[in-house]
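Notes to accompany the following structure.
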Amino acid sequence: MDQSQAKKKKPGSEGIPANTVEKFKWPDPNEPPTEVEHNPHSHLSQRQDTPTSLPRDPKTPYFDTIYPRIVITYNDLTASMAEAQKEGIRNDKTTLAVVPLGAGSAWFKRNPEAHVQLTKFFRDLNVEENADAASQIVVYPPEARIDRSGQTFANVKQMYAKPWPLILTGAGENLRKFATWFQTFAVSEDMVFSVVEFDETLQSWVIANIGADPNFGFLTPGCEKRILKEIKDKLWSDDKFRRFVDFALGAQGVAGSACDRVVIATQSLTVEFLGTMQDEDVAKKEVAVVQLRGKPISPIPETHTEWLAHIRRIIKSCRYNPHVRFDVVRVFKACTACKSEAHPTNTCPFLHIQHWYGPSLEKYKAMEKRTLDSAKGNHEKSPARGDRGGRGRRGGRGANRGRGWQTVGRGGHVYNKD
Ligand SMILES: [Zn+2]
């Protein structure tokens with residue numbers, strides 16, 4: 001309602017004289033960021049109070065530790081899913097997403113029975129009030145909007161194609177509370193899954209990845225303050241950005257002048273050095289990358305999109321020096337393992353947990369290579385005559401099929417609180 005009223009008025013800072021902006025006392029651009037505690041990318045699992053109902057003698061052991069929070073937006077969770085399934089999720093607020101580490105079409109091909117095993121896993125946790133409640137639990141695999149059953153993974157991107165999550169239904173309050181609090185269950189190297197809500201209010205704080213030729217040495221650890229200052233200076237002096245922020249925050253009832261509102265909107269911004277990485281799309285091109293993050297300006301998707309577009313536009317006017325400007329790069333979209341937008345796969349914290357049941361980075365990469373090689377091998381064989389060449393078509397014959405659940409050791413779950 002505030003929004004529509006504000007729209008009619010079409011406010012903005014058109015009327016703000018330039019000298020008001022110039023005279024405004026802008027703060028130090030490197031003042032400590034605000035709202036850090038609300039940044040989902042720095043949250044951990046088990047951050048709420050311990051649930052009252054915990055598993056009683058679970059049948060399958062899983063690794064127990066505190067993990068980084070899994071941050072996947074609703075749109076990404078439901079992307080490429082069949083419409084009917086999306087509708088089902090929308091209409092039943094008790095459904096939860098079960099996202100395997102390394103989810104995508106290749107994972108589902110390697111683990112065709114995962115939904116059956118997961119159903120059993122969640123029932124056997126014994127967190128529901130009674131066996132009757134537990135028997136309601138059913139996990140469904142995602143139904144891809146476009147049938148990908150014939151897919152042969154010619155490249156890494158296809159292996160991780162959406163949809164990503166399985167759908168946990170029929171969970172009572174006990175299981176929902178425990179599973180989302182605990183978040184990540186590592187059972188074996190190819191069977192690590194996280195339980196998250198289909199939360200339409202969750203927004204990514206990632207604004208843009210900024211890249212430069214590593215040979216220039218502009219983006220290195222310790223460059224963050226310099227980069228943030230350049231970005232804020234340009235944001236603060238941009239008229240269109242000021243008008244947009246004034247309108248967006250004004251509609252939400254945030255007090256202050258247009259300049260005050262610009263300060264408020266930009267005070268949560270942070271710059272994080274991500275490292276030097278290979279461009280996924282351009283062979284042999286290395287890029288040094290920093291990431292700009294900040295609290296989304298609005299829960300309204302259109303306004304959020306506009307916010308990102310303004311900042312990305314202005315970043316391109318930022319400069320390291322007279323000869324080189326900032327560049328918004330797409331060297332990676334999200335980590336292929338945990339789907340975070342805040343780091344590339346190589347530095348995924350989940351692949352650097354010591355002695356857990358899940359994979360190390362080396363094993364994860366080896367599994368990726370095996371899947372790719374075997375898909376290519378099958379692809380070459382599959383057109384052959386007779387039924388012997390058809391192995392690839394039957395699916396689920398990948399190197400790890402079914403192994404995950406059988407190789408698990410006994411003796412309850414591992415506690416690793418150090
Ligand atoms: Zn990751």
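The values are calculated or read from the model by the stated rules, or taken from the named source; none is laboratory data. Everything numeric here is computed off the predicted structure, so don't read it as measured data. Because the Cβ atoms are built from the backbone with ideal geometry, glycine has one as well, and the counts that use them run over all protein chains shown.
Could you list all residues from region 294-315 that are outside any helix (DSSP H, G or I) and closer than 17 Å to E224 by Cα? Listed by number, the list holds a single entry, G294. Among the conditions (1) away from the ligand (no atom under 16 Å from the Cβ); (2) not assigned by TED's automatic domain parsing to the domain that holds F241, the only one that H310 does not satisfy is (2). Within the set G256, G222, the sole residue that is out of contact with any strand residue (DSSP E or B) (no Cβ under 9 Å at 6 or more places or on another chain), of a type outside the set (K, R) and loosely packed, with under 15 Cβ neighbours inside 10 Å turns out to be G256.
Which residues, taken from region 49-71, are away from the ligand (no atom under 16 Å from the Cβ) and outside any loop (DSSP other than H, G, I, E, B)? Scanning region 49-71 gives F63, D64. Residue-level check: of (1) closer than 17 Å to N321 by Cα; (2) surrounded by fewer than 20 Cβ atoms within 10 Å (Cβ to Cβ); (3) touching a Leu at 6+ places or on another chain (Cβ under 9 Å), T276 misses just (1).
To keep it simple, each residue is scored yes or no on (1) more than 23 Å from Y62 (Cβ to Cβ); (2) in the same structural domain as P55 (by TED's automatic domain parsing); (3) at pLDDT 95 or above; (4) in contact with a helix residue (DSSP H, G or I) (Cβ under 7 Å, 6 or more places away or on another chain).
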{"position": "G150", "(1), (2), (3), (4)": "yes, yes, no, no"}
{"position": "A161", "(1), (2), (3), (4)": "yes, yes, no, yes"}
{"position": "L166", "(1), (2), (3), (4)": "no, yes, yes, yes"}
{"position": "K177", "(1), (2), (3), (4)": "no, yes, yes, no"}
{"position": "Q183", "(1), (2), (3), (4)": "no, yes, yes, no"}
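It is to be established whether one or more residues within region 375-392 are within 16 Å of the ligand (Cβ to nearest atom) and either out of contact with any helix residue (DSSP H, G or I) (no Cβ under 7 Å at 6 or more places or on another chain) or modelled with pLDDT under 95 (or both). Taking every residue of region 375-392 in turn, none turns out to be within 16 Å of the ligand (Cβ to nearest atom) and either out of contact with any helix residue (DSSP H, G or I) (no Cβ under 7 Å at 6 or more places or on another chain) or modelled with pLDDT under 95 (or both). Checked against the criteria, P344 counts as buried (at least 20 other Cβ atoms within 10 Å of the Cβ) and within 9 Å of the ligand (Cβ to nearest atom).
Taken together, the residues in region 279-293 that are part of a strand (DSSP E or B) and touching a helix residue (DSSP H, G or I) at 6+ places or on another chain (Cβ under 9 Å) amount to 6.
Selection of first residues in region 323-340 that are more than 30 Å from S45 (Cβ to Cβ) and touching a residue at least 24 places away in the same chain (Cβ under 8 Å) and of second residues that are away from the ligand (no atom under 16 Å from the Cβ) and assigned to a loop (DSSP other than H, G, I, E, B), restricted to Cβ pairs under 6 Å at least 6 apart or on distinct chains, gives the following pairs, ordered by first then second residue: F326/C318.
Number of residues in region 230-240 that are within 11 Å of T266 (Cα to Cα) and either buried (at least 19 other Cβ atoms within 10 Å of the Cβ) or among the small types (G, A, S) (or both) equals 4.
Evaluated against (1) of a type in the set (V, I, T); (2) touching a residue at least 60 places away in the same chain (Cβ under 8 Å); (3) in contact with a Gly (Cβ under 9 Å, 6 or more places away or on another chain); (4) closer than 30 Å to P322 by Cα, V187 falls short on exactly one condition, (4). Just to be sure, is N91 in contact with a Pro (Cβ under 7 Å, 6 or more places away or on another chain) and more than 27 Å from Q158 (Cβ to Cβ)? Here the answer is no, as N91 does not meet what is asked.
A single entry from P112, P100 fulfils the requirement of being modelled with pLDDT of 95 or more and more than 14 Å from P163 (Cβ to Cβ): P112.
Have a look at H310, H323, H355 and point out the one that is more than 21 Å from the chain's Cα centre (by Cα) and at positive phi.
Exactly one residue qualifies, and that residue is H355.
Does region 326-340 contain at least one residue that is more than 10 Å from the ligand (Cβ to nearest atom), surrounded by 21 or more Cβ atoms within 10 Å (Cβ to Cβ) and modelled with pLDDT of 95 or more? Scanning region 326-340 turns up at least one residue that is more than 10 Å from the ligand (Cβ to nearest atom), surrounded by 21 or more Cβ atoms within 10 Å (Cβ to Cβ) and modelled with pLDDT of 95 or more.
Across region 348-371, the qualifying residues are those that are surrounded by 15 or more Cβ atoms within 10 Å (Cβ to Cβ) and near the ligand (Cβ under 8 Å from one of its atoms), and the one among them that is farthest from S188 (Cα to Cα) is C348. Scanning region 153-163 for residues that are buried (at least 19 other Cβ atoms within 10 Å of the Cβ) and over 11 Å from P141 (Cβ atoms) returns F153, M159, Y160, A161, K162.
A single entry from E31, E87, E129 fulfils the requirement of being in a helix (DSSP H, G or I) and over 18 Å from the mean Cα position of the chain (by Cα): E87.
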